[in-house]
There are 2 protein chains.
Amino acid sequence: MLNKVSQRIMERVLELSQNNLDENKVPIAAVIFDPQAKKIISEAKNTDDPLGHAEMHAIRKATKKLKQDRLNGLDIYVTIEPCPMCAYAISKVNLTKVYFGCEDQKGGGIFNGVKVYSNSNIWKPEVISHVYESESRNLIQQFFKNKRKNKAL
Amino acid sequence: MLNKVSQRIMERVLELSQNNLDENKVPIAAVIFDPQAKKIISEAKNTDDPLGHAEMHAIRKATKKLKQDRLNGLDIYVTIEPCPMCAYAISKVNLTKVYFGCEDQKGGGIFNGVKVYSNSNIWKPEVISHVYESESRNLIQQFFKNKRKNKAL
C-alpha cells in the first residue's frame, strides 16, 4: 500500500494531468519529489511538441533548479508508464524510484516494448507501478474519447 | 560507399564535434538533412545538461523550424551511435535514415544495449553505420584523453 505522502504526490500528478485534459492536451504529468525533505522539486505536464513529455521537462527543471546532473535520492511520479526515451532519461539522472499509474502496452518502455531497464549496464530505479491505476487510465481514455468526438463533429 | 552529399554532411558533423572538443565539451554533434532539397534543416552539438544530447536538440530545432511533428523524408547524421533516449526520439519523429560514425558499446541503443529498433511496434529508420568511423572514434577518444590529462594535472 502506498503511504500517505506518496498518495498525495500521485494525486498532484493526476490533478496536473486533469488540467491538461481540460485544455484538450495529453493528460500526462510528472512530479519529482524529495522523500527525505518531503518537498516537491519540479512539476511538469506534457506539451505539444513531439519530444515534450512531462518526464523530460520535470527532469530538466530539477537538474537546473538543483544545479546537479544526478538526482539520486529523488523519486519521479508519472501518470502512465514512461516511454523508452523517458525511461532512459530517468536512468541517466539516477532517479531512485519511478511511480506510475497505468501501463502503456503500445508506447511504454519499462514493462512493455524494449524494457529499457532489462539492460544490465544502466542505472535501474525501483519501479512502483499501477498506482491510482484506474484514475490514470480514465484520464487517458477520456482524452482519446474527446478526440474522437471532436473528429466526428 | 557514401555518396558525395552524405560525405559532406558527415564532415560537417565532425567539424561541429571538433568545435565542442576544442571547448572541452563532449565532441558529439547532429545534423538533420533534407536529401531531396539538399538542404541542412538543423544542426546541434551536445550541451552540458544530462539530457542535452545533440540529437534531441537537432530534432527539437527541426520540428520547430518546419512547424511539423514528423520529419519523414529527412535524415539525421550523428557522430556516435545514439543512446536509447535519442534512438527512440528519432523513431518518434519518423526520421527516414540515421547515419552515425562509431558504435557506442556502453551507451548505444541501436546495435547495443536494448536495441530500441528491435521493437516491431515502432517506426524504424534505415541505419547507415560506421561512417567516417575512425575519425568519429578519434574525437571521442581524444575527449577522454584530455579529461584524464586534466584530472592528473
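Observations on the model:
- Fraction of antiparallel bridges per DSSP, the protein assembly as shown only, in percent to nearest 5: 55 percent
- Over all pairs of different C-alpha atoms in the protein assembly as shown, the reciprocal of the mean inverse distance, the Kirkwood hydrodynamic radius, equals 20.1 Å.
- For the stretch B:95-153 and the stretch B:42-94, distance of Cα centres in Å: 14 Å
- Its convex hull of Cα atoms gives the stretch A:19-153 a direction-averaged projected area, equal to a quarter of the hull surface, of 8.4 nm².
- Per residue of chain B, the DSSP helices (runs of n ≥ 4 H) give a summed -39500 (n - 2.57) that works out to -13000 deg cm²/dmol at 222 nm.
- Loop-resident sites, the stretch B:14-102, for trypsin sites (Lys or Arg not before Pro), counting at most 14 other Cβ within 10 Å (DSSP): B:K38, B:K67, B:R70
- Based on Cα contacts under 8 Å between residues 6+ apart, chain B shows a relative contact order of 20 percent.
- Placing a label point 7 Å from Cα along the Cα-to-Cβ axis, A:A152 is separated from the same position in the other copies by 7.1 nm, shortest listed first.
- Placing unit charges on the Cβ atoms only, positive for Lys and Arg and negative for Asp and Glu, gives the protein assembly as shown a dipole magnitude near 340 debye about its Cα centre.
- Inter-copy label distances at B:D49 (7 Å, Cα→Cβ; nm, one decimal): 0.9
- Residue of B:L21, B:L66, B:L95 that the Gaussian network model of chain B assigns the largest fluctuation, springs spanning Cα pairs under 10 Å: B:L66
- Among A:E103, A:E133, sorting on how many other beta-carbon atoms sit within 10 Å of each Cβ, with the fewest leading, yields A:E133, A:E103.
- Counting all C-alpha pairs of the stretch A:51-101, share separated by more than 18 Å (%): 18 percent
- Cross-link partners of B:K151 among lysines (Cα-Cα below 20 Å; sequence separation of 8 or more within a chain): B:K25
Bear in mind these aren't lab numbers, they're just calculated from the coordinates by the rules spelled out. None of these values were measured; they are calculated from a predicted model. Reconstructed Cβ throughout: ideal geometry from the backbone, glycine too, with neighbour counts over all protein chains shown.
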